[in-house]
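Okay, so here's the structure we're looking at.
Each value in this text was obtained by applying a stated rule to the coordinates, not by laboratory testing. Computed from a prediction, not measured in an experiment: that's the story for all the values here. Note that we place each Cβ from the backbone using ideal geometry, even for glycine, and neighbour counts take in every protein chain shown.
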Amino acid sequence: DVTTTIHMDEVEGQGHQIVASHVEAVVQVDGLDDDALQSALAKADEGCPFSQLLKRAGADVQISARLAE
């Protein structure tokens, strides 16, 4: 399950802009431990063009993942 929240705000001289993105994933995969999950999450964030675009624009990008209970 993935939940994404995008925050928009008025940025002076630029109109409404995305200023923050928060993504939370709850993952259930047989044999996956938390270390492997966090490693995969970091790689996915590094390779995500949208995440990189937002970061270069100065947006607050937060991602998190946890194993389902």
TODO: Taking only Cα atoms and a 10 Å spring cutoff, compute GNM fluctuations for the chain and point out the largest among Val19, Val11, Val27.
DONE: Val11
- [ ] Taking log10 I(q)/I(0) by the Debye sum over Cα atoms at q = 0.14, 0.15, 0.16, 0.26 Å⁻¹ as the quantity of interest, determine which of (i) -0.49, -0.55, -0.61, -1.15; (ii) -0.39, -0.45, -0.50, -1.05; (iii) -0.55, -0.62, -0.69, -1.23 was computed from the displayed structure.
- [x] (i)
TODO: Please state the charge dipole magnitude for the chain, taken about the Cα centre, from unit charges on C-beta atoms (+1 on K and R, -1 on D and E), reported in debye and rounded to the nearest 20.
DONE: 300
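R0 = 22 Å: FRET efficiency of Ile6 with Ser64, Cβ-based, nearest 0.05?
Values: r = 15 Å, r/R0 = 0.70.
My answer for the efficiency is 0.90.
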